[in-house]
Amino acid sequence: MFTRKISALRLPIPRASAFFLSSILAAWSTAIFAQGAPTIVRVEEDWTLNVSSPQQGIVAPQLATVISPYADTNSIYAVFAINHRPLPEFAGGGLQLQVWNNETSLRYANFADDSMLNYMEESETITWTQAMAVENGKLIFEILNGRSQTWGEFGGKSLQTDVQTNLTDLNDYSPLVSAEKSGISYAANRVRSLTLSKVRWITSTGQTYEDANAKVVYPQPQP
């Protein structure tokens, strides 16, 4: 499979002006589509989370990452909740993949192990890939290749769900949306960093475009 790497793009998150963001998106699109207009049918994001002194008694920290097929979250998007399961009612611990349409919850999938991040571990690094794809009239969201001390290996069928869609490509996807909408909702002082480490765009012909320039979601870069 051919992989084309995209040149460095350092993204301030999320305080940039609308003009600046549109300029970055234009540069990104130019880099990806320099050789024409390929049809993007799959996107994969690699994430890294570093936590410090998590505390079970208060379910800390709690965070979530987002991925959307559009350049916003006004329609369909997915949320990956870590160390809490908000649906259908809040429960501490575990991992949950959710699909939303704007502010309406459509469905969710839970990982079988509902353990909480363990305060016995002074620090922990968690890595995973969140992906989406269009295939046969379905928009598929999934978590893959997850690794952690608390939950061991996670992802695959247990953290996969889909919805019907009229989309035939993912060309409107923007990693800026993922970076801006993801973050720590509780006990950020127990998170050292949350990073969107790498993004891959896969076309209908099997070609892969890759951006390996990390985008730090937390702590936020100072303006």
Being small (Gly, Ala, Ser), outside any strand (DSSP E or B) and in contact with a strand residue (DSSP E or B) (Cβ under 6 Å, 6 or more places away or on another chain) is the filter here, so list the residues in the range 190-223 that pass it. SER204, ALA212, ALA214
Answer with yes or no whether PRO88 is buried (at least 23 other Cβ atoms within 10 Å of the Cβ) and not in a strand (DSSP E or B). no
Looking only at residues in the range 98-121 that are within 22 Å of ALA60 (Cβ to Cβ) and touching a Ser or Thr at 6+ places or on another chain (Cβ under 6 Å), which one is modelled with the lowest pLDDT? ASN118
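Is it the case, given these coordinates, that ALA78 is farther than 18 Å from TYR218 by Cα, within 17 Å of the chain's Cα centre (by Cα) and crowded, with 17+ Cβ neighbours inside 10 Å? Before the answer, list the steps.
Values: farther than 18 Å from TYR218 by Cα: yes; within 17 Å of the chain's Cα centre (by Cα): yes; crowded, with 17+ Cβ neighbours inside 10 Å: yes.
Spelling it out, ALA78 is indeed farther than 18 Å from TYR218 by Cα, within 17 Å of the chain's Cα centre (by Cα) and crowded, with 17+ Cβ neighbours inside 10 Å.
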Every listed condition ((1) among the polar types (S, T, N, Q); (2) assigned to a strand (DSSP E or B); (3) over 20 Å from LYS157 (Cβ atoms)) holds for THR73 save (2)
If I go through the range 48-60 residue by residue, how many of them are in contact with a strand residue (DSSP E or B) (Cβ under 7 Å, 6 or more places away or on another chain), assigned to a strand (DSSP E or B) and not β-branched (Val, Ile, Thr)? 4
Can you report the number of residues in the range 202-223 which are touching a Leu at 6+ places or on another chain (Cβ under 8 Å) and either farther than 30 Å from GLY57 by Cβ or among the small types (Gly, Ala, Ser) (or both)? 4
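Restricting to the range 61-70, name every residue that is in a loop (DSSP other than H, G, I, E, B) and either more than 9 Å from ASP172 (Cα to Cα) or of a type in the set (S, T, N, Q) (or both).
First, pick out the residues of the range 61-70 that are in a loop (DSSP other than H, G, I, E, B): 61, 68-70.
Selection gives PRO61, SER68.
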In the range 170-189, is there at least one residue being more than 30 Å from GLN56 (Cβ to Cβ), in contact with a strand residue (DSSP E or B) (Cβ under 9 Å, 6 or more places away or on another chain), in a strand (DSSP E or B) and touching a residue at least 40 places away in the same chain (Cβ under 8 Å)? no
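Return a yes/no flag: does the range 170-186 have any residue that is more than 23 Å from TRP100 (Cα to Cα) and surrounded by 15 or more Cβ atoms within 10 Å (Cβ to Cβ).
Narrowing the range 170-186 to residues more than 23 Å from TRP100 (Cα to Cα): none.
Taking every residue of the range 170-186 in turn, none turns out to be more than 23 Å from TRP100 (Cα to Cα) and surrounded by 15 or more Cβ atoms within 10 Å (Cβ to Cβ).
The values are calculated or read from the model by the stated rules, or taken from the named source; none is laboratory data. Worth saying up front: this structure is predicted, and the values here are computed from it rather than measured. Cβ atoms come from the backbone with ideal geometry, glycine included; neighbour counts cover every protein chain shown.
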